[in-house]
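Below is one structure, written out as structure tokens; comments come after it.
The values are calculated or read from the model by the stated rules, or taken from the named source; none is laboratory data. Worth saying up front: this structure is predicted, and the values here are computed from it rather than measured. Using ideal geometry, Cβ is built from the backbone for each residue, glycine included, and neighbour counts are taken over all protein chains shown.
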């Protein structure tokens, strides 16, 4: 019964948490219709080969989100200064704009909570963090920026809750130590980072709830993972695990693990003897024998969610 309640709690949290700019403020408009200016809160001007913003953008009454991605000819400084009239702007998407430095005009948005800078591989991160340190940024998307390290001043982002570092190559231990100093960090994406191992400093991330380490080359997990005392959910699919990592039994808050599409053939005996809060386990597409599946069903009999859907192995 306790496992069921814990898992129901985790599902509720999953459905309500990790909200990003894709779900805010209703309908997204792709053009400025003069008859609807008062109703436009979300504006997507991406991929329109813009050289400047349309003048009517200043007539919007309550702009909350704007996507300017993939308009390479835009002068970002001029754009931000023109948008500064919209003091309620909370979501700014600047993907694929060949940005190297973020201008000081980014500070003209006192309510900015979500900033996306996907696919800007020449971006000066240290300069970026200095510029946005005084803003209430909660979600920062740095996906696909060829990052190998993080500068120490990332620790200045005290309001940051969700950080997407997918499709990079962040291997060094110091970067994870810095992330451990972000007091409100809730979700961390380091999937698709070509990781063959996690640094021991991953344990310093004892504040996060959701960890995404899927689509890497991981075969084992460091014992320091047990220091992550608040993690509820781990996504570890599409790696190279040969057995279910034993460290999960030592994690005091872990409720659910997605570890599908690995090479798992065995469940360690530790799962039969230890007490742990884990209540959901997805083992789909792992080469588990029928004997191991039967054994696992007995071991995890009290789980609220347990899945072994298999692809055909020849």
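Of everything listed in (1) surrounded by fewer than 19 Cβ atoms within 10 Å (Cβ to Cβ); (2) modelled with pLDDT of 95 or more; (3) over 17 Å from residue 218 (Cβ atoms), the single unmet condition for residue 279 is (1).
Starting from the stretch 64-81, take each residue that is within 26 Å of residue 26 (Cβ to Cβ) and list its partners that are assigned to a helix (DSSP H, G or I), counting only C-beta distances under 8 angstrom and pairs at least six apart or across chains. Qualifying pairs under 8 Å: 65/21; 66/83; 68/79; 80/105; 80/106; 80/108. With the structure loaded, tell me whether residue 140 is touching a strand residue (DSSP E or B) at 6+ places or on another chain (Cβ under 8 Å), over 18 Å from residue 166 (Cα atoms), surrounded by 15 or more Cβ atoms within 10 Å (Cβ to Cβ) and modelled with pLDDT of 95 or more or whether it fails that test. Considered against the rule, which asks whether it is touching a strand residue (DSSP E or B) at 6+ places or on another chain (Cβ under 8 Å), over 18 Å from residue 166 (Cα atoms), surrounded by 15 or more Cβ atoms within 10 Å (Cβ to Cβ) and modelled with pLDDT of 95 or more, residue 140 comes out as no. Can you find a residue in the stretch 286-305 that is out of contact with any strand residue (DSSP E or B) (no Cβ under 6 Å at 6 or more places or on another chain), within 19 Å of residue 191 (Cβ to Cβ), buried (at least 20 other Cβ atoms within 10 Å of the Cβ) and at pLDDT 95 or above? Yes, the stretch 286-305 contains a residue that is out of contact with any strand residue (DSSP E or B) (no Cβ under 6 Å at 6 or more places or on another chain), within 19 Å of residue 191 (Cβ to Cβ), buried (at least 20 other Cβ atoms within 10 Å of the Cβ) and at pLDDT 95 or above.
The set of residues in the stretch 63-82 that are within 18 Å of residue 134 (Cβ to Cβ) and either buried (at least 21 other Cβ atoms within 10 Å of the Cβ) or under 25 Å from the mean Cα position of the chain (by Cα) (or both) contains only 80.
Within the stretch 256-274, being buried (at least 18 other Cβ atoms within 10 Å of the Cβ) and more than 17 Å from residue 214 (Cβ to Cβ) holds for 267, 271. Residues of the stretch 199-225 that are free of Cβ contacts under 8 Å to residues at least 60 places away in the same chain, closer than 14 Å to residue 179 by Cα and assigned to a loop (DSSP other than H, G, I, E, B): 199, 205, 206, 207, 208.
One line per residue, one yes/no per condition, for (1) over 29 Å from residue 286 (Cα atoms); (2) modelled with pLDDT of 95 or more; (3) touching a helix residue (DSSP H, G or I) at 6+ places or on another chain (Cβ under 9 Å):
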| site | (1), (2), (3) |
| --- | --- |
| 174 | yes, yes, yes |
| 181 | yes, yes, yes |
| 185 | yes, yes, yes |
| 189 | no, yes, no |
| 194 | no, yes, no |
| 202 | no, yes, yes |
| 216 | no, yes, no |
| 222 | no, yes, yes |
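Within the stretch 53-71, the residues that satisfy the criterion of being over 19 Å from residue 107 (Cα atoms) and at pLDDT 95 or above are 69, 70, 71. Restricting 54, 121 to residues that are closer than 20 Å to residue 163 by Cα and free of Cβ contacts under 8 Å to residues at least 40 places away in the same chain narrows the list to 121. If the condition is being more than 19 Å from the chain's Cα centre (by Cα) and within 17 Å of residue 66 (Cα to Cα), then the stretch 107-134 contributes 107, 108, 109, 110, 111. Farther than 21 Å from residue 186 by Cα, loosely packed, with under 15 Cβ neighbours inside 10 Å and out of contact with any strand residue (DSSP E or B) (no Cβ under 7 Å at 6 or more places or on another chain): is that true of residue 249 in this structure? Spelling it out, it is not the case that residue 249 is farther than 21 Å from residue 186 by Cα, loosely packed, with under 15 Cβ neighbours inside 10 Å and out of contact with any strand residue (DSSP E or B) (no Cβ under 7 Å at 6 or more places or on another chain). Every condition in (1) crowded, with 16+ Cβ neighbours inside 10 Å; (2) more than 29 Å from residue 103 (Cβ to Cβ); (3) in contact with a helix residue (DSSP H, G or I) (Cβ under 7 Å, 6 or more places away or on another chain) holds for residue 154 except the one numbered (2).
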